[in-house]
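In what follows, a structure is listed as structure tokens, so that the remarks can point back to it.
The values are calculated or read from the model by the stated rules, or taken from the named source; none is laboratory data. Worth saying up front: this structure is predicted, and the values here are computed from it rather than measured. Cβ atoms come from the backbone with ideal geometry, glycine included; neighbour counts cover every protein chain shown.
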Amino acid sequence: MSFLSPASGEPPDPKFENDERAEVGPAGPAELANAPAPVDEALSRATAREADLRLFAGANADVFVKMSKARETGSAGGNAVCWPGFLFPAAWFLYRKMYGYAAITILLPVLASLVHVPGEITRWIGFGFAFLGAFGNRLYLARARKMIAEIRAAATDEANARETIARAGGVSVAGAVIGALLIAAFVAFALLKV
């Protein structure tokens, strides 16, 4: 007898109640061996990648997870502008531990002033750095994926991998403070030069 009845309130159709195909019994060893895995492996891998990304990103991990999902599915939001990176590229790169990009944004203007590059060119260089900072989230996501893959490949166990991922990523408040101080120093230097 069926416990479900149609929405109309009519009794269920008796020809389906005694259908042999609907009977389910205990599975034998041969059936269990050929049964699909209870958890979808693709979903499991995606969940593990998201957990690794959250661990790596630390603060504001939701931004990077949302961006990663949008880029994977091709939906909107995968190319979001990083406004803090656009406005303060050196400080943002230092905050996100992207020291190579930070060094470029800090040292190139210093070198340009030492070799007396005309002001118009240095303004364009500054705009280029702002443009680079605007893509900061994309650069960070690419870096995160690469570093997580390298850490996972070299890890001896899960606990070691998670600890190394957390240490490699995250944020550096000291880096942000240093970046802000450098920006203030550059502004002060520019005002003194005028």
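Quick one: which residue in Ala103, Ala57, Ala76, Ala61 is of a type outside the set (Val, Ile, Thr), without any contact (Cβ under 8 Å) to a residue 40 or more places away in the chain and within 16 Å of Arg145 (Cα to Cα)? Going through Ala103, Ala57, Ala76, Ala61 in turn, just one is of a type outside the set (Val, Ile, Thr), without any contact (Cβ under 8 Å) to a residue 40 or more places away in the chain and within 16 Å of Arg145 (Cα to Cα): Ala61.
Only one of the numbered conditions (1) more than 14 Å from Met98 (Cβ to Cβ); (2) buried (at least 16 other Cβ atoms within 10 Å of the Cβ) is violated by Leu141, and that is (1).
Can you tell me which residue among Arg143, Arg152 is closer than 16 Å to Asp52 by Cβ and touching a residue at least 60 places away in the same chain (Cβ under 8 Å)?
From the options Arg143, Arg152, the qualifying one is Arg152.
Scanning segment 162-171 turns up one or more residues that are more than 16 Å from the chain's Cα centre (by Cα), exposed (fewer than 15 other Cβ atoms within 10 Å of the Cβ) and modelled with pLDDT of 90 or more.
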